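Each remark here refers to the structure printed beneath this line.
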Amino acid sequence: MTTTMTTTTTAYAAPSTWWRRMRSNRTAMAGGVILGIVVLAAVLAPVLAPYGPTTTHFDAPFQRPGTIGFALGTDNLGRDTLSRMLYGARASLQVGVLSVLVATVVGVPLGLIAGSWRWADALVSRFTDVALAFPFLILAVGLAAIRGASLSNAVLALGIAHVPQMIRVVRGEALRLRTTDFVAAAVTMNASSLRVMGRHILPNALSAIIVQATIIMPSAVLGEAVLSFLGLGIQPPEASLGVMLSDAQQYLAQDAWLGVFPGALIAIICLSFNLFGDGLRDSLDPANDERTS
Amino acid sequence: MGAYLLTRTWHSLLTIVLSSVVIFAGVRMLPGDPALAMAGEEASPERIAAVRADLGLDQALWVQYATWVQNYLHGDFGRSLRTGTPVTQLLGSTLPVTLWLAAYALLIAVVVGLALGVIAERRRGRWPEFLANGVAMVGLSVPSFWLGLLAILYLSVRLSLFPASGYVPMLENPVDAIYHLTLPALILSLAIAAAVMRQTRASMIETMGSDFVRTARAKGLGGQRVLLAYGLRNSLLVVVTIVGLQLGGLISGAVVTESIFGLPGFGKLTLNSVFTRDYPVIEAVVVIITVGYVLINLAVDVLYSVLDPRIRVAGAA
C-alpha cells in the first residue's frame, strides 16, 4: 500500500491528506458524528431499549411523547416507540450494510474483469444493461413473488440493484490504472493477470470502492424503508422504520407523532450518510488539491 | 451517426431479449403449479394432465418460451387469475394514470432542478448556493413517502388545500385532474429534482470555467447570453442523461406514491398483483417496465447524440 501511494499516478489522495481535508470539512464531520451516534445506538439497542421491540402494553396504547416510562409514546398496541425505533435503526443499518456487501462482492470482481479483458467487457456490459432494466422495486416485487417478502429479500433486491454502479466505478478505475507505469512494470516482470488485478489494481481502486459504498448505503437504507412500508421487506410485527410508518399510516390523524419519529430517523440516517459521503468524496478527489491545501 | 445508432439499437434489442429470458425463467420459478391451480385441488391426475397439455406446460421449455414471446408480440398478455380480465385491459386503464403522474413530476423536477442549479452556480459561496445545496441534500435524504404521509395529514386533512386521494381522468376534466395530481407529483418529483439540481450545478461550474466561455466573454458577449447559450445548453445534456438514469427511481417512486395517495395507477396494479399472487399480471407488469426502460434510454441516447455532435463523430469513427 505505502509503495503504491508514493507513485505520482495515484489519483486518490494519501491517507494523511484526506484526513486533514476531512477534518476541515465541518458538515462532513457533523454527518460523521451523527452517524456514529446512530450506529452506536443501533448496535446497543438491546441494552438501551427500555422494552423489547414487540412488547405490547395493552393498558397503555397511544401514549403521548414524554409520558413517564415511554419517552416517545406508544402505538396502537402500546408498543414503546423509542424501543421500536432503536431496533428499527438496527434493521435499517443491517439491510444497508448487507446490501453494500452484496453489491461489492458481485460488482467488484465483475468490474475488475470488465476492466481487464476486452471480450469480458462486452459480456459484463450486457449483464449491466439487463440489471439496469429492472428497477429495485420491480426486483423486490419479483423476488417477493418467488421467495416471499423478508429481510433477506430486501437485501438481495437492493444489493443486485446497486451492482451496475459498482461495476462501472471499478471498471473505470481498472481501465485507468492499466495505463499506469507501475502496472506496466508488473506486466513486464511477468506478473499474471490475477496478480496484477489483486496486488496492483484492487488496492488502488479501494478509495473509489469506498466512496461508492457510501453512496449505496443511504440509498439502500431508503430502499429498505420503502420495501418494508409496502410490505415487501421486513414483516410486522418485527420492528423496522418502514414497518412503523406503514403501521402508523392509519392512525396518523389520531396520533401524528407515530408517523413523525420513524420518518425523521430515516431522514437523519440518510442525511448524515450523504453529508459524510460527500465530504469523503471531496477529500479523496485529486481535483480538490489546489483548492483545499 | 448511423453506426452509433445501429450499435445502440442492437444492444437495446439484446437487452430486451435477455430480460425476457430472465422474466420467463423467473415466472417458472414461482411456487405453485398453474395446472393444479386451474384444475382444482381434488382433480384426478388425468384431468390435471389434460389441463397441463392445454396450457402447453408439457412441452419443452424453449417451445414454451417461443409461444410466450409470440403471444406477447401479438399483444396477448393473458388474463388475470383473479378476475379473468384480459391483462391488456388492466394495463389500458392503469397506465395513463401513471404516465400523467410521471410526466407532471418530471416537468416539476426539471424546472425546479435547473433553476436551483443555475442559481447555485451564479451565487457561489453565498446564501443562495447554501440554500439550494441544502434543499438538494434534504431531497436526497428524506424518504418521499414519509413526506407524502405528512403532506396528506397537514395539507389535505388539516388544511384542506389538496385532495388527499382520488383520481380524475386528464381528458375528462383537465383542471380537476391537475388539482388531484399536484400533491403526488410534487412528492414524486423531489428526489429527481435534487439529482437534477446537483448535476446542473456541477455542469454549470465546469462549463462557466471553461476556455470557450472565457473566449465568449472576451469577445464581448453579455452575461445573460453566455449563461443561456453556453452554460444552460451544456447543462441540458446532463439533464437528459439524468432523466434516463432516474427512470428506474421514477417507476419505483410511482409505486409508492400511488399507494399513499390511492391513485388507481400502474404502480397500484403492480403491488396488488404481488399480494394476490396474480402471476400473469406480475409478468406483464415486469415486461412493460423493462422494455419501457430500455426503449426510453435508447431514445435518450438518440436525443443525446442529436444534442451533442461529438458523440455522433465518435460513433461514426
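Just so it is clear, none of the values below were taken in a lab; they were calculated from the coordinates. Just so it is clear, the structure is predicted and the values come from calculations on it, not from any experiment. Quick reminder, even Gly has a Cβ in these numbers, built from the backbone with ideal geometry, and neighbours come from all protein chains shown.
By the count of neighbouring beta-carbon atoms within 10 Å, fewest first, B:Trp127, B:Trp146, A:Trp257 end up ordered B:Trp127, A:Trp257, B:Trp146. Sorting A:Thr27, A:Thr74 from the fewest to the most surrounding beta carbons within 10 angstrom yields A:Thr27, A:Thr74. Quick one, could you list the DSSP H helices from chain A stretching 18 Å or more along their long axis (Cα atoms) with average Kyte-Doolittle hydropathy of 1.0 or above? Qualifying helices, which must be both long enough and hydrophobic enough, are A:26-43, A:81-116, A:202-230, A:257-284.
Taking the three principal axes of the alpha carbon atoms in region B:159-242, the coordinate ranges are 56, 26, 22 Å, sorted in descending order. At q = 0.13, 0.21, 0.29 Å⁻¹, what is the base-10 log of I(q)/I(0) for region A:50-114 according to the Debye formula with one equal point scatterer per Cα and no solvent? Please give it to two decimals. Treating every Cα as an identical point scatterer, log10 I(q)/I(0) equals -0.49, -0.78, -1.09.
Per the Kirkwood formula applied to alpha carbons, chain B shows a radius of gyration over Rh ratio, Rg over Rh, of 1.07. The residues neighbouring B:Asn133, those whose beta-carbon lies less than 12 Å from its own, together hold a net charge of +2 under the Lys/Arg +1, Asp/Glu -1 convention. Annotation: Cα Rg of region B:223-317 relative to the compact-globule expectation 2.2 N^0.38 Å equals 1.50. Computed about its Cα centre, the charge dipole of region A:4-139 is approximately 480 debye, with only Lys, Arg, Asp and Glu carrying charge at their Cβ. Among A:Thr179, B:Thr200, a tally of other beta-carbon atoms within 10 Å of each Cβ gives an order, fewest to most, of A:Thr179, B:Thr200.
A convex hull fitted around the alpha carbon atoms of region B:21-93 yields 107 Å³ per residue.
For the Cα trace of region B:113-216, dividing Rg by the Kirkwood Rh returns an Rg/Rh value of 1.14. Annotation for region B:97-159 versus region A:200-237: alpha-carbon center distance of 23 Å.
For region B:156-307, the dipole from Cβ point charges (+1 on Lys and Arg, -1 on Asp and Glu) about the Cα centre works out to 760 debye, to the nearest 20. Placing a pseudo-label 7 Å from each Cα along the Cα-to-Cβ vector at A:Leu40 and A:Ala191 gives an inter-label distance of 4.1 nm. Express the relative contact order of chain A as a whole percentage, based on alpha carbon pairs under 8 Å and six or more residues apart in sequence. Reported relative contact order: 27 percent.
Using the 2.2 N^0.38 Å rule of thumb for compact globular proteins, work out how region A:186-256 stacks up: its C-alpha Rg over that value, please. Normalised by 2.2 N^0.38 Å, the Cα Rg of region A:186-256 equals 1.99. Which shape class, rounded, prolate or oblate, goes with region A:119-213 when its Cα gyration tensor gives a ≥ b ≥ c as root eigenvalues, a/c under 1.5 marks rounded, and past that a/b bigger than b/c marks prolate? In terms of gyration-tensor shape, prolate.
Sequence-distant contacts, meaning Cα pairs under 8 Å at least 6 residues apart, place the relative contact order of chain B at 27 percent. Separation of region A:143-187 and region A:11-88, taken as the distance between their Cα centroids, equals 30 angstrom.
The share of Cα pairs per 10 Å bin across region A:138-293, counted from zero up to the longest distance, runs 10, 26, 26, 19, 12, 5, 1, 0 percent.
Considering all different alpha carbon pairs of the protein assembly as shown, the Kirkwood hydrodynamic radius works out to 26.6 Å. Axis angle, to the nearest 10 degrees, between helix B:279-307 and the longest C-alpha principal axis of chain B: 30 degrees.
Set against the 2.2 N^0.38 Å expectation for a compact globular protein, chain A has a Cα radius of gyration ratio of 1.17. Normalising the Debye intensity of region A:99-168 to I(0), with uniform scatterers on Cα atoms only, and taking log10 at q = 0.20, 0.23, 0.26 Å⁻¹ returns -0.76, -0.92, -1.06. Overall shape of region B:1-143 was characterised from the C-alpha gyration tensor. The equivalent ellipsoid obtained from it has semi-axes of 49, 22, 15 Å, in decreasing order. In this label model, B:Ala3 and A:Arg118 are separated by 1.4 nm, measuring between points 7 Å along each Cα→Cβ vector.
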